[in-house]
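**Q** Sharing a structure here in structure tokens format.
Every number in this text was worked out from the coordinates using simple rules, so none of it is lab data. This is a predicted model, so every value here is computed, not measured. Cβ coordinates were reconstructed from backbone atoms using ideal geometry, including for glycine residues, and neighbour counts include every protein chain displayed.
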Amino acid sequence: MFEINKHKPIVSDLPIITNNRLNLLADENPILYTGTNRYGNRILGVIVEESEEEFFVRYFHVIIDDEKYYDFVNGKTTLRKIIESADVIFVLDMQGEKVIDNNLVTIDEIPADYLPLEESYCPADAFVPSLNYGVSLKGKKADFHLAEVQETNNIQTSFADVLRNTFSGLEGLELRPKLYLEPAKLGSFRVNYRIEFEDVQSSMFHVDKSLIADYIESFLKYIITKLPQEEKNALKEQHISSVAFKEVEDKLIQIYQKAHLELTKDELEKKLIDNINESALKFEGVTNQIKNSSSFDKIELINYESSGGELGLGIINGEFFDSIKEQLVIPAPEVSTDVIEEDVNPTTYRIRVYKLSNKTGNCYAYFYPDESETNYEIPILINKGNKEYSHSTISKSLDEDKVINIQGRAKKVNGEVKSIKVDL
């Protein structure tokens, strides 16, 4: 056991993991793990040595930011480099779950024999994916556990759309995924999702859900962390040579093989390319929401283990879509062939007003295209002039829930009335 100069941290619980713990490598004792403290800081922990005489285990804990964390779990940096670059390293002596001593040291105080090896990369396959996901809002007001309702709703809806779209490559398996919202964990600003599959009595194909979970996690991680590193026009190649792409493709092939569905490798590759492209394009809207948000400036996508551990899949900020758009197949804008017309002279139309704002002048009504009861909703654009709404036919229709005839100029798209301008 090496001797340390005992410098007590000013905040004694700063290096203590309280939430989101994930063992990256374990034996009788945890060997390498991560989690967050009660202040939300991310911590990386590693075993140093065991004292058989005094019956405690010594660990190094280092507080790291998101960039270093993702560089580590994605194999871009080593544990050795993270510890060497840390301002301070916390030394925790533990008996079971109990911390019996808590000190901090600098890298110069640690004997070389106690440092991780030069090739101390994050172990592969340290995490068992599930079909439970979370979106964590970060920066700005979100760091104080606040966010505007509409901005949160928009992100919640957008990511639900992203998660649904990941299953496009699994068509034919009769999975029928259903997406549910789950309560966020205490002390975090998150939107949590759970994916389940409807029972399909007629299904001939049984697919292990763990294979599906593994594929979806790899699919999303490829888009968020690997696609930005791919060559320009990566998804436009006839046969993609990317190693990262092939890892996802192999998992998709395995699923179809287990389901005994005979699709050629070329067919599955095209299916995956199309699905990645479609899903990645949905991040344009997510990126724009982040750019325009006053509540957060980035979001983190998280996958949860069934045991409660969590693995971050990547950080998405306001520049994310710019980092992937040159790798995608961007569809050409559709040329509109709609025929748009507007009445030259006022014409009689049948409507029933259901909303009218005296303050803004906004008016919405049910439009009756013929003498039947068939109707649909349209806006009525009112030119009020110097007149008042009270005692007008528009106001009477609302008050009496009555169908009326109005004189107005309609805007029509392909012959269908879309709005009507009316002089009060």
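**Q** Once the other residues with Cβ under 10 Å from the Cβ of L211 are scored (Lys, Arg +1; Asp, Glu -1), what is the net sum? Please list the in-between numbers first.
**A** Values: positive: K209, K251, K258; negative: D208, D214.
With Lys, Arg at +1 and Asp, Glu at -1, the neighbours total +1.
**Q** Between the alpha-carbon centers of the range 371-424 and the range 260-279, tell me the distance in whole angstrom.
**A** 50 Å
**Q** Using mean Cβ contacts within 10 Å as the protection proxy, how do 77-85, 271-279 order, highest first? Don't skip to the end; give the middle numbers.
**A** Working: 77-85: 17.1, 271-279: 20.2.
Highest to lowest by the protection proxy: 271-279, 77-85.
**Q** Whole percent per 5 Å bin, from 0 to the bin with the longest distance: what is P(r) over all C-alpha pairs of the range 20-81?
**A** 4, 16, 27, 25, 15, 9, 4, 1
**Q** Starting at the first residue of the range 96-111, write each ³J(HN,Hα) from the Karplus equation 6.51 cos²θ - 1.76 cosθ + 1.60 with θ = phi - 60°, in whole Hz, x for Gly and Pro.
**A** Once θ is set to phi - 60°, the couplings for the range 96-111 become x, 8, 8, 7, 9, 7, 8, 9, 10, 9, 9, 4, 5, 8, 9, x Hz.
**Q** I've got another one for you. Let me make sure I get this right: for the range 217-288, a, b and c are the square roots of the gyration tensor eigenvalues over alpha carbons, sorted descending. Under 1.5 in a/c it's rounded, otherwise prolate if a/b > b/c, else oblate. Which is it? Could the numbers behind the result be given before it?
**A** Numbers: a/c = 1.96, a/b = 1.63, b/c = 1.20.
Note, shape of the range 217-288 comes out prolate.
**Q** Let me ask something additional. Stretched out fully, how many nm does the piece from E109 to S357 gain, at 0.36 nm a residue minus the Cα gap? All intermediate terms of the calculation are to be shown ahead of the outcome.
**A** Numbers: separation 248, 0.36 × 248 = 89.28 nm, distance 7.22 nm.
That works out to 82.1 nm of additional length.
**Q** How big is the range 340-423 by Rg and Dmax over its Cα atoms, in Å?
**A** Taking only Cα atoms of the range 340-423, I get Rg and Dmax of 12.2, 35 Å.
**Q** Would you list the membrane-span-like helices of the chain, meaning whole DSSP H runs whose alpha-carbon atoms span at least 15 Å along their axis and whose mean Kyte-Doolittle value is at least -0.5? If you can, show how the numbers build up before the last one.
**A** Values: long enough: 149-165 (24 Å, -0.58); 209-221 (18 Å, 0.27); 243-258 (23 Å, -0.29); 265-281 (24 Å, -0.87).
Span-like helices, by this rule, are 209-221, 243-258.
**Q** Related question: Check the straight Cα-Cα distances from K141 and name the lysines below 24 Å, setting aside those fewer than 8 residues away within the same chain.
**A** Hits, sequence-local ones excluded: K68, K185, K291, K298.
**Q** Write down the Kirkwood hydrodynamic radius of the range 254-405, to one decimal in angstroms, obtained as one divided by the mean of 1/r over all alpha carbon pairs. Mind dumping the intermediate values first?
**A** Working: mean 1/r = 0.0454 Å⁻¹.
Hydrodynamic radius (Kirkwood, Cα only) of the range 254-405 equals 22.0 Å.
**Q** Could you tell me, in Å, what Rg and Dmax come out for the Cα atoms of the range 132-327?
**A** Cα radius of gyration and Dmax of the range 132-327 are 17.2, 52 Å respectively.
**Q** K209 to Q156: extension gain in nm, 0.36 nm per residue of separation minus the Cα-Cα distance?
**A** Numbers: separation 53, 0.36 × 53 = 19.08 nm, distance 2.43 nm.
Contour length minus Cα-Cα distance gives 16.7 nm.
**Q** Only residues of the range 391-410 count here: report those whose backbone N is under 18 Å from the spot 7 Å along Cα→Cβ of V344, or say none.
**A** Correct set: 408-410.
**Q** Rg over Rh of the chain, using C-alpha atoms and the Kirkwood radius, what does it come to? Can you show the working numbers first?
**A** Values: Rg = 29.3 Å, Rh = 26.2 Å.
Ratio of gyration radius to Kirkwood radius for the chain: 1.12.
**Q** If you don't mind, another one. Which net charge results for the neighbourhood of T36, defined as the other residues with beta-carbon distances under 10 angstrom from its beta-carbon, given Lys and Arg at +1 and Asp and Glu at -1?
**A** Details: positive: R21, R38, R42; negative: E310.
The answer is +2.
**Q** Describe numerically, in nm with one decimal, the distance between label points set 7 Å from Cα along Cα→Cβ at H145 and at I330.
**A** Here the modelled spin labels are 4.2 nm apart.
**Q** For the range 54-91, list residues with backbone N below 12 Å from a point placed 7 Å from the Cα of L25 toward its Cβ?
**A** Those under the cut-off are 78-80.
**Q** In the range 33-136, what is the volume of the convex hull around the alpha carbon atoms, normalised per residue and reported in Å³?
**A** On the way: hull volume 14.7 nm³, N = 104.
Given the Cα convex hull of the range 33-136, per-residue volume reads 141 Å³.
**Q** Now, a different point. Find which of N358, P346, S372 sits farthest along the positive direction of the dipole of the range 340-423, computed with +1 on the beta-carbon of Lys and Arg, -1 on that of Asp and Glu, about the Cα centre.
**A** Checked the options; the winner is N358.
**Q** While we're on this one: Can you give me the relative contact order of the chain as a percent, contacts being Cα pairs under 8 Å and 6 or more apart?
**A** Numbers: 736 pairs, mean separation 53.1, N = 424.
Once normalised by length, the contact order is 13 percent.
**Q** Hey, rough spin-label estimate for N292 and E182, points 7 angstrom out along Cα→Cβ, what's it come to in nanometres?
**A** With each label placed 7 Å out from Cα toward Cβ, I get 3.1 nm.
**Q** What percent does the relative contact order of the range 340-423 come to when contacts are Cα pairs within less than 8 Å and at least six residues apart? Intermediate results must be reported in sequence, preceding the final value.
**A** On the way: 170 pairs, mean separation 32.6, N = 84.
Normalised by residue count, the contact order of the range 340-423 is 39 percent.
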